[in-house]
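Q: So that we are looking at the same thing, I have put the structure below in structure tokens.
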Amino acid sequence: MDSETYSPEYIEAWLRNELPEEETAAFREKVQADPALADAVLLQQLAMEAGNHLSEEHLQQKALSWAQQIPLESIPEKGALKSRRFWLFLTGFLFLAVALAYFLYPSIVKEKPPHSAPPEKKINSEPSEEKGSVAETPELLPPPEDAPVNKLPSSQQFTAAARELYDAPDSWLSGSRSGDLRPGERYADSLYRAALAAFLQNRLKKAETLAKAALTSDSSYVEALRLLAHTQFLQNKFQEAAQNFEAMKARYSSRDEEATWNLLLCHYARYREADARKSLHKQLQKILKDPEHAYTKAALRLKKAVESQ
């Protein structure tokens, strides 16, 4: 165990002889063997004495004693100090100031009144599962303007924002098929199961390879297409993921809303590109026009984020 693992409270308990006898002896050996830990103990001891309202002169004497590593009784009076000892005293005093700041700062922060500015709100990435009218009727976004790219956030920022709004499906197991399957279908299903296992283990590259193989074996396997699109999204392959989410919309009607939303996120991640901005505004307006869409509330949050760019 190194010095960084010992909290100030533990060191203080040792200095006050509040630890069990065996633990006290063991810690003493560690202090003797570890210079960094010995420094931490000395700083804690100085801070404890400062907390007990020692006089300034006594604190200075203790700091000088620590810096010179000599007994207190041997410290000469101030008038007899030489230049070298003065700088040693100054070094010790600075260490004391750091120690006092370390222990007094938390209590000062607690008493500080809250900042007047409202806290930054994190976008809630969970889409609403409730259908029905939304609380407000959204105004349609104006046609996108090709703003100078240098005035937009970075690609990394758009990627992070899109990932925050992403919501991974929770019904993957329904995609595996059962019953009487043809040999080609059984092979495709085994590939899909292996791809799903890799996906759940966050082995995304392996999952992508297996999902592609499943689709090659059985091109009608739409659940493998769905898995492939999500795997590519999580690897930041947004252009490829967008193509597969688009195909998923056309071939997997029961997952149309999921595909539409994730296609929108692919465009948002590539928002610095003019074609992605136009596609995003087009898809976003379609969702905002439909109060029954499962992702309408999430689209409202995205609309606010886009308009703030």
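Coordinate-derived values only; no laboratory data. The model shown is predicted, which means the values in this text are computed figures rather than measured ones. FYI the Cβ positions are ideal-geometry reconstructions off the backbone, even for glycines, and counts take in every protein chain you see.
Q: Pull out the extension gain between Ala36 and Leu181, defined as 0.36 nm times the separation in residues minus the alpha carbon to alpha carbon distance; nm, one decimal.
A: Working it through step by step, the gained length comes to 45.4 nm.
Q: Each label point is 7 Å from the Cα along the Cα-to-Cβ direction; what then is the distance between the points at Gln156 and Ser253, in nm?
A: With each label point 7 Å from Cα toward Cβ, the separation is 4.5 nm.
Q: Related question: Residue by residue through the stretch 199-209, which ³J(HN,Hα) values in whole Hz follow from phi under the Karplus form 6.51 cos²θ - 1.76 cosθ + 1.60 (θ = phi - 60°), with glycine and proline marked x?
A: So the J values, rounded to whole Hz, are 4, 5, 8, 6, 9, 5, 5, 5, 4, 5, 4.
Q: Can you tell me the dipole magnitude for the stretch 149-307 around its Cα centre, using point charges on the Cβ only (Lys, Arg +1; Asp, Glu -1), in Debye to the nearest 20?
A: Numbers: 26 positive and 19 negative charges, 107 e Å.
The calculated dipole for the stretch 149-307 is roughly 520 debye.
Q: For each of Trp261, Trp172, count neighbouring Cβ atoms within 10 Å of the residue's Cβ, then give the residues from fewest to most. Display every interim value, and only then the final one.
A: On the way: Trp261 23, Trp172 17.
Least to most surrounded, the residues fall as Trp172, Trp261.
Q: Can I ask one more? When the convex hull of the Cα atoms of the stretch 213-259 is projected onto a plane and the area is averaged over all directions, what value comes out in nm²?
A: For the stretch 213-259, averaging the hull's shadow over all directions gives 3.0 nm².
Q: Going by average Cβ density within 10 Å per residue, which order do the peptides 269-275, 211-217 take, highest to lowest?
A: Ranked from most to least packed, the peptides come out as 211-217, 269-275.
Q: Which listed residue (Leu264, His281, Tyr252) has the Cα farthest towards the positive end of the charge dipole for the stretch 252-291, taking +1 on Lys and Arg C-beta and -1 on Asp and Glu C-beta about the Cα centre?
A: His281
Q: Distance check, please: which entries in Lys249/Lys303; Lys237/Lys297; Lys206/Lys286 exceed 32 angstrom between their Cα atoms?
A: Lys206/Lys286
Q: Please tell me the relative contact order of the stretch 149-307 in percent, rounded to the nearest whole number, where contacts are Cα pairs under 8 Å and at least six residues apart.
A: The value is 20 percent.
Q: Run a plain Debye calculation on the stretch 165-283 (Cα atoms as equal point scatterers, no solvent) and give log10 I(q)/I(0) at q = 0.16, 0.22 Å⁻¹, rounded to two decimals, same order as the q list.
A: Log10 of I(q)/I(0), two decimals: -0.71, -1.22.
Q: Please turn the phi angles of the stretch 259-271 into ³J(HN,Hα) values with the Karplus equation 6.51 cos²θ - 1.76 cosθ + 1.60 (θ = phi - 60°), one per residue in order, whole Hz, x for glycine and proline.
A: Per residue, the Karplus-derived 3J(HN,Hα) values read 5, 4, 5, 6, 4, 4, 5, 4, 5, 5, 5, 9, 5 Hz.
Q: Once both labels are modelled 7 Å past Cα along the beta-carbon direction, what's the Arg193-Asp167 spacing in nm?
A: Here the modelled spin labels are 3.0 nm apart.
Q: Mind giving me the nanometre distance, one decimal, between the label points for Leu94 and Glu307, set 7 Å out from Cα along Cα→Cβ?
A: 5.4 nm
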